[in-house]
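The values are calculated or read from the model by the stated rules, or taken from the named source; none is laboratory data. Here the structure is a predicted model, which is why all the values come from computation and not from measurement. We place every Cβ from the backbone using ideal geometry, glycine too, and count neighbours over all the protein chains shown. Surface accessibility is based on the protein's heavy atoms, side chains included, excluding ligands, DNA and RNA. Shrake-Rupley method; radii C 1.70, N 1.55, O 1.52, S 1.80 Å.
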Amino acid sequence: MDEPADVERVGVVGAGTMGHGIAQVAATAGYDVTMRDVEREYVDRGLEGIDSSLERLAAKGALDEEPATIRSRIAGTTDLADLADADLVVEAVIEDLAVKRDVFADLDGIVDGDAVLATNTSTLSITEIASATGRPERVVGLHFMNPVPVMDGVEVVVGERTDAAVVEFAHGFAEEVGKETWESDDKPGFVTNRILMPWINEGIRAYDEGVATREDVDRGMRLGTNVPMGPLELADHIGLDVVLDASETLHEELGDRYKPAYLLKRKVAAGDLGKKTGEGFHVYE
Ligand code: 3HC
């Protein structure tokens, strides 16, 4: 396999929370970025998210350049073909294997054969996503954490066919955008979500079974273990729909110890998805 090219242009598929965060950190590191979503409205919302995050970072002197300069390196589009000249594409669409496989099959036909295709999936198999392309050795997991501009780490996930040079490339790119990395084999939930999801679900069960109020479940874990957020507020922060999707994948693959909490399913069914809808386990102004 030819070594992956040096990255100049980065494509991002999906302008949601993770996609626009990834576009932002790539542009901040100096890359030209094209961010694509299916509707112009989603692209514009993603660009607005980048603007407000860059303003926050600029206000505390955390940027080397003006927000407008960084923003000028990011183009929004609804046309996947606009990613044709990217050296690296990072996919961050919904956590649905069929949807991701379709995106990868399309990208495979559009993007130069030497380009690396990365997925930000939180629990789905890199190998299954890669097999939708004719270049599985150039497909890798680049699992960013939410909120992308603030979190220090990226999980590099190695699929069955991922080439060692592509793994090294993935670590190098993550470091270029200011992150530290760790590596996981392509097993359900990788390192982070395999451990995080049962923690969150146990927090939900503890609240639902009356062990403590929702405030005290969060306070107990925050004060008792020095984490920035307790399990219920972290679930709200991630989005309860994302937590449920990840929990269901883990349950399916790893059995009953990963069964999602009943109350999580009930909240998602009611449309209370956390911060993004104004209510999850807590209520947000
Ligand atoms: N852009 C820029 N800056 C941001 C930001 C954003 N999107 N979000 C927060 N910040 C900044 C704030 O401006 C603030 O800066 P300051 O300290 O200089 O004033 C700082 O981050 C802290 O923010 P807040 O004061 O608003 O609130 P907190 O102190 O509670 O911090 C948090 C917010 C950084 C989100 C912190 O609570 C935290 O680290 N929580 C845990 C997050 C976590 O675990 N993420 C991983 C989730 S798992 C995942 O993503 C994997 C997926 O597959 C499910």
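Applying 1/(1 + (r/R0)^6) with r as the Cβ-Cβ distance of Asn146 and Ala212 and R0 = 25 angstrom yields a FRET efficiency of 0.45. Surface composition of the chain: carbon and sulfur atoms hold 46% of the protein heavy-atom accessible area at a 1.4 Å probe. Within the listed set Arg73, Arg40, Arg257, the residue fluctuating most in the Gaussian network model of the chain (springs between alpha-carbon atoms under 10 angstrom) is Arg257. Using a probe of 1.4 angstrom and keeping all protein chains present, the accessible surface of segment 194-277 works out to 54 square angstrom per residue. When +1 charges are put on Lys and Arg Cβ atoms and -1 charges on Asp and Glu Cβ atoms, the dipole computed for the chain relative to its Cα centre reaches about 1060 debye. Rounded to the nearest 0.05, the FRET efficiency derived from the C-beta distance between Ala68 and Val283 at R0 = 35 Å is 0.50. Once backbone amide H atoms are built at 1.01 Å from N, Glu91 has Val13, Ala118, Thr119, Asn120 as its partners under 5 Å, excluding neighbours fewer than 5 places away on the same chain. Note that segment 246-252 has calculated 3J(HN,Hα) couplings of 5, 5, 5, 4, 5, 4, 4 Hz, one per residue in order, obtained from phi through the Karplus relation 6.51 cos²θ - 1.76 cosθ + 1.60 (θ = phi - 60°); glycine and proline are x.
Helices in the chain, meaning DSSP H runs of at least 4 residues, each add -39500 (n - 2.57). Divided by all residues, the mean residue ellipticity at 222 nm is -14000 deg cm²/dmol. Could you tally the net charge around Glu180, taking each other residue with its Cβ under 11 Å from the Cβ of Glu180, Lys/Arg +1 and Asp/Glu -1? Neighbour charge sum, excluding Glu180 itself: -2. Looking at segment 9-185, the accessible area is 41 square angstrom per residue; that uses a 1.4 Å probe and ignores ligands, DNA and RNA. Take the cross-link list Lys179/Lys276; Lys60/Lys100; Lys179/Lys275; Lys60/Lys265 and give me the ones stretching past 30 Å between alpha-carbons. Beyond 30 Å: Lys60/Lys100; Lys60/Lys265. Charged side chains reduced to their Cβ positions (Lys and Arg at +1, Asp and Glu at -1) give segment 36-94 a dipole of some 240 debye around its Cα centre. The GluC sites (Glu not before Pro) found in segment 113-218 that occupy coil by DSSP, while having at most 12 further C-beta atoms within 10 Å, are Glu209.
Shown in residue order for segment 254-267 are the 3J(HN,Hα) couplings computed by the Karplus curve 6.51 cos²θ - 1.76 cosθ + 1.60 at θ = phi - 60°: 10, x, 4, 5, 10, 4, x, 5, 4, 5, 5, 5, 5, 5 Hz (x for Gly and Pro).
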